[in-house]
Amino acid sequence: MVTRRVRMAFSFSPLVPGQRVSYDSASAVTKQQVDRAELERQLEELHPTSFAWALGCCGRDRQDAEDVLQETYVKIFAGKARFDGRSMLKTWLFAVIRRTAAAHRRTLWFRHFTFAQPAVDAESELLHSERTAELLDALARIARRQREVIELVFYHDMTIEQAAEVIGVSLGTARVHYQRGKRRLLQELRR
Amino acid sequence: MTDDLKERFDELRDEERRRVPPFTIRRRAARLSYRWVFALLLVVLLVVIRPHRTTFSEADLAAARSIGTWHPPTDVLLKGTIR
């Protein structure tokens, strides 16, 4: 994939939460630029956890997760995904990552035909201990929705309500996915 | 059991946090979108398989008729041999 690395440059230091900024007409710094800088700072802060969620959405494939996360960031900075403040930034970002990963999966078959398969990352194979490899195997055997809710709750410390927001289902449905997913996961781990 | 699950997920998180790629925002340099590739293929297919209709001018038809009615002058030599 041909990529050009462009670091978005901003001519001022990032804001700290609660800092007040005045936007006068004489100032070269517009409100939009400040919003972008603030958003970039918050995305950078959430980056490790976003990457972990992207990994979960891409079946632990690091290359796919990196691609999905980049696509998400580009989508956000291109204005294709906008945060309207109705939920937490983290839940909104996770929902965008999830949708981007779903779109990415839909084009997988096409990429398999057109591009050479990347070599298996031996380093990532060695990354997990036996115990966590067991957990990942068990996770891979449960239904996607259940896995997503379980990961959001146990890995990302979200409430079931926040998990419901991320995957776009009602709270009741998320609760059912959580209960069933937990039961299935424990069954798989006991095997 | 829930505590065991939580512990396992904490371990997984610790392992994965060690190898997080740096935060960068890359812009794709004019990457060919799959949608565009499909659109292009569709156009090519439509051009290739669309029904063809050819029209002939009067001169073309006259030329075709004259070719159809032409007999080689050596045919007379064959008349006596082929029955």
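Radius of gyration (Cα atoms) of chain B, expressed as a multiple of 2.2 N^0.38 Å: 3.21. The order of the peptides B:53-59, B:6-12, A:55-61 by mean Cβ neighbours within 10 Å, most packed first, is A:55-61, B:6-12, B:53-59. Think of chain B as a dipole: +1 on every Lys or Arg Cβ, -1 on every Asp or Glu Cβ, centred on the Cα centre; then among B:Tyr34, B:Ala64, B:His52, B:Ala64 lies furthest on the positive end.
Residues whose amide H comes within less than 5 Å of that of A:Met158, counting only those at least five positions distant or on another chain, are A:Val153 (H built at 1.01 Å from N in the peptide plane). Here the simple spin-label model places points 7 Å from the Cα toward Cβ, and for B:Asp14 and A:Arg99 these points are separated by 3.7 nm. Contact order for the stretch A:31-117, expressed relative to its length and based on alpha carbon pairs under 8 Å spaced 6+ residues apart, stands at 30 percent.
About its Cα centre, how strong a charge dipole does the stretch A:31-117 have in debye, to the nearest 20, once Lys and Arg get +1 and Asp and Glu get -1 at the Cβ? Mind dumping the intermediate values first?
Details: 15 positive and 11 negative charges, 74 e Å.
Charge dipole, the stretch A:31-117, about its Cα centre: 360 debye, nearest 20.
Using the Cβ of A:Arg98 as centre and a radius below 14 Å, the other residues enclosed give a net charge of +3, where K and R count +1 and D and E count -1. Taking all Cα pairs closer than 8 Å and separated by 6 or more residues, the relative contact order of the stretch A:127-191 comes to 38 percent.
Length gained on full extension, A:Leu136 to A:Gln179, computed as 0.36 nm times the residue gap minus the Cα-Cα distance: 13.6 nm.
Placing +1 on the Cβ of every Lys and Arg and -1 on the Cβ of every Asp and Glu, with no other charges, gives chain B a dipole of roughly 480 debye about its Cα centre. Peptides A:148-157, A:166-175 ranked from most to least packed by the mean count of surrounding Cβ atoms within 10 Å: A:148-157, A:166-175.
Every number here is computed from the coordinates shown, using simple stated rules; none is lab data. Fair warning: this is a prediction, and the values are worked out from it, not measured in the lab. For neighbour counting, all protein chains shown are included, and Cβ atoms are generated from backbone atoms with ideal geometry for every residue, glycine included.
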